[in-house]
Amino acid sequence: MGQPTTSATRDPEATKGVAFGLGAYVMWGCFPLFFALFDGVPALEILIHRVLWSCLFLVLLVSVLGRWSPVISALREPGRLGRVLACALLIALNWGIYIYAVESRQVLQASLGYFMTPLVNVALGMLVLHERMHRLQGVAVILAGIAIAIQLVGLGELPWITLALAFSFGTYGLLRKQVPLDGLSGLFVETLLLFPVALAAVAWLGAQGTGHFTDSPSTTALLIASGVITALPLLAFAGAARRLRLATIGFLMYINPSIQFGIALLVFHEPLAPQQLASFLLIWAGLALYSWSAWSSRTRTAPAAASHK
């Protein structure tokens, strides 16, 4: 009699988890549509306001959710703040390059960068943490390297946006694992560390008369909203992470760059050169191998774990 009750209680939670995960990755995937609304506002100024308003909005969220305890604990231990500050600088770099990619209509490069991130994570795990790389994962990383080489040779330029986004976010994830803070609290502390710099930058732009915050009500609203849209998908992702297996979240993460890819082609009408298409195909093949490797290793370890119970 107990088994049906257990499955009945688990299914709704799994359904909620998938809904939260879809919501998070769809919101992240649609970010190009939001940042494209900023007309004439430099990427650096958008980044400054994104940090500023994210921090202020997260103060409200942390207060409402009663999550001050981990934040205060982190701030009381200066030893933690070095890694958190490094995370803050990396995520700010990632945000800034991404906003620039949207403004300059290079969303395809941004999309490729986020497709590459899991493979960069594998490479960083092997190089920095000395993790063992499975054979298929090694092939996937090699395919990613070939994809970048094709763009370098075929287009005559290094796809720096792709590489900067993939490595900044991959390194951010590597350092973030070493910080004992949940996603919401961690992002709040990161933006809090950058808040004085962002506030000083906004004040300086206002004094110079070069800021765009008061240009129009719509620009003011968009700059403030940049903080809100930063936190909302993170909340949805947290809801998914509590309810879903890591493998399921790993498959859902491909939704974000896939939507960006579609937006770049269908909305922004970015040209897709043959070399770029070849790069995407190689990265997709690498991701397929990476996903298969992760899935097969999980299915192998599951029976072994069950036999030891």
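The values are calculated or read from the model by the stated rules, or taken from the named source; none is laboratory data. These numbers were taken from a predicted model, which means no experiment stands behind them. In this analysis, Cβ positions are derived from the backbone assuming ideal geometry, glycine residues included, and neighbour counts consider all displayed protein chains.
What to note about this one:
- Taken over the range 261-275, the criterion of being part of a helix (DSSP H, G or I) and either in contact with a Leu (Cβ under 8 Å, 6 or more places away or on another chain) or closer than 13 Å to GLY17 by Cα (or both) is satisfied by PHE261, ILE263, ALA264, LEU265, GLN275.
- Odd one out for GLN137 among (1) more than 17 Å from the chain's Cα centre (by Cα); (2) assigned to a helix (DSSP H, G or I); (3) surrounded by fewer than 21 Cβ atoms within 10 Å (Cβ to Cβ); (4) in contact (Cβ under 8 Å) with a residue 24 or more places away in the chain: (3)
- Test: residue in the range 158-167 that is modelled with pLDDT of 85 or more, in a helix (DSSP H, G or I), within 24 Å of SER104 (Cα to Cα) and among the hydroxyl-bearing types (Ser, Thr, Tyr): yes
- Among the residues making up the range 224-278, those that are of a type in the set (Val, Ile, Thr) and out of contact with any His (no Cβ under 9 Å at 6 or more places or on another chain) are VAL228, ILE229, THR230, THR248, ILE249, ILE255, ILE259, ILE263, VAL267.
- Among the candidates LEU119, LEU124, LEU184, LEU205, residue that is surrounded by 14 or more Cβ atoms within 10 Å (Cβ to Cβ) and within 30 Å of TRP68 (Cβ to Cβ): LEU184
- Filtered residues of the range 76-110 (kept if closer than 13 Å to PRO159 by Cβ, within 13 Å of the chain's Cα centre (by Cα) and not small (Gly, Ala, Ser)): ILE97
- Residue among MET133, MET116, MET126 that alone is farther than 20 Å from ALA231 by Cβ and at pLDDT 85 or above: MET116
- Residue pairs whose Cβ atoms lie under 8 Å apart, separated by 6 or more positions or on different chains, with the first residue in the range 18-43 and under 28 Å from GLY211 (Cα atoms) and the second aromatic (Phe, Trp, Tyr), are PHE31/TYR98; PRO32/PHE268; PHE35/TYR98; ALA36/PHE268; ALA43/TYR100.
- Tabulated pairs, the range 119-134, first in contact (Cβ under 8 Å) with a residue 12 or more places away in the chain, second outside any helix (DSSP H, G or I), C-beta under 6 angstrom, 6+ apart or interchain: GLY125/GLU131
- Residue tally, condition farther than 20 Å from HIS49 by Cβ and buried (at least 23 other Cβ atoms within 10 Å of the Cβ), over the range 90-107: 1
- Taking the criterion of being part of a loop (DSSP other than H, G, I, E, B) and either over 28 Å from LEU44 (Cα atoms) or in contact (Cβ under 8 Å) with a residue 24 or more places away in the chain (or both), the residues of the range 93-107 that qualify are ARG105, GLN106.
- Sole residue being under 30 Å from SER63 (Cβ atoms), within 18 Å of the chain's Cα centre (by Cα), in a helix (DSSP H, G or I) and among the small types (Gly, Ala, Ser), chosen from GLY173, GLY113: GLY173
- Residue satisfying condition, being touching a Ser or Thr at 6+ places or on another chain (Cβ under 7 Å), surrounded by 21 or more Cβ atoms within 10 Å (Cβ to Cβ), touching a residue at least 24 places away in the same chain (Cβ under 8 Å) and under 18 Å from LEU165 (Cα atoms), within set ALA110, ALA147: ALA147
- A single entry from GLY227, GLY211 fulfils the requirement of being at pLDDT 85 or above, crowded, with 18+ Cβ neighbours inside 10 Å and not in a helix (DSSP H, G or I): GLY211.
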